[in-house]
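Since the structure comes first, as structure tokens, the remarks are kept for the end.
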């Protein structure tokens, strides 16, 4: 199958298409299926963080550049 050109890949003619939010076009209310909780850290988790921060935590002020290679003894570091 040959690759599509840009014009062939369009579902609608230029300038014509569905409303950005079809439910609003009809005056309908959207369904909210997820409500975030007030806190994602429980009281017990927060207490353990306070108790063990000196061992497992890292205080940073945002002004200095972290040397991850030195900080983690040259081991691989993955940031998410």
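The values are calculated or read from the model by the stated rules, or taken from the named source; none is laboratory data. Everything numeric here is computed off the predicted structure, so don't read it as measured data. Virtual Cβ from ideal backbone geometry, glycine too; neighbours counted across all protein chains shown.
Counting only helices (runs of 4 or more DSSP H) wholly contained in the stretch 1-77, the ones carrying 1 or more residues that are out of contact with any strand residue (DSSP E or B) (no Cβ under 8 Å at 6 or more places or on another chain) and at pLDDT 70 or above occupy 43-56, 68-71.
In the stretch 42-70, the residues that are surrounded by 10 or more Cβ atoms within 10 Å (Cβ to Cβ) reach residues that are modelled with pLDDT of 90 or more with C-beta atoms within less than 7 angstrom, at least six apart or across chains, in these pairs: 68/77.
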